[in-house]
Amino acid sequence: MAYFQLAEAEFKAAEKAAKGIGRAAVYLKVTVARFDEAKVFVNALGGSYKANFDKKYSEVVAIRDKCVKDNTTVYYESEPDASEIPKPNAQNFVNLLSVAEQLNETPQLDDRLRHLVPPEVQKMQTEIRNVL
């Protein structure tokens, strides 16, 4: 999806500026290739996930075909190698947060559920805590 977002942005910018369509075409071709790689997993999942994926896939293919057609008939720009275009930076799409505090924090369920535990069990729990 990161490639799709970049490809779509490149295509819109290229259409607006009337240049850069070759680079947009390469992004769209890479996007379709990534979607083809993911098809195996999506077909295994099935259901609404597959329906959404198929909808996006057809949208990407349509944009790619339009972009390539425009490049060959209107713009005549050369397409750079797929290895030359910048790859999506993960930090632009993911907000990295530390979850160590939440994982190490003791849950406050004891106070809320204390009334559900019979007094005998509570007494045994305190004895065990004192032994440890």
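The values are calculated or read from the model by the stated rules, or taken from the named source; none is laboratory data. Just so it is clear, the structure is predicted and the values come from calculations on it, not from any experiment. Note that each Cβ is placed from the backbone with ideal geometry, even for glycine, and that neighbours are counted across all protein chains shown.
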Looking for something in a helix (DSSP H, G or I), over 16 Å from residue 2 (Cα atoms) and among the hydroxyl-bearing types (Ser, Thr, Tyr) - is there at least one such residue anywhere in region 27-46? no
For region 62-84, does any single residue satisfy the condition of being touching a residue at least 24 places away in the same chain (Cβ under 8 Å), loosely packed, with under 13 Cβ neighbours inside 10 Å, within 13 Å of residue 7 (Cα to Cα) and small (Gly, Ala, Ser)? yes
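Being closer than 14 Å to residue 24 by Cβ and either modelled with pLDDT under 90 or not assigned by TED's automatic domain parsing to the domain that holds residue 16 (or both) is true for just one of 128, 63, 85. Which residue is that? Please lay out each step first, then the result.
Details: 128 fails: closer than 14 Å to residue 24 by Cβ; 63 fails: either modelled with pLDDT under 90 or not assigned by TED's automatic domain parsing to the domain that holds residue 16 (or both).
Sole residue among the options that is closer than 14 Å to residue 24 by Cβ and either modelled with pLDDT under 90 or not assigned by TED's automatic domain parsing to the domain that holds residue 16 (or both): 85.
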Picked from region 10-32 (must be of a type in the set (Gly, Ala, Ser) and in contact with a helix residue (DSSP H, G or I) (Cβ under 9 Å, 6 or more places away or on another chain)), the residue surrounded by the fewest Cβ atoms within 10 Å (Cβ to Cβ) is 18
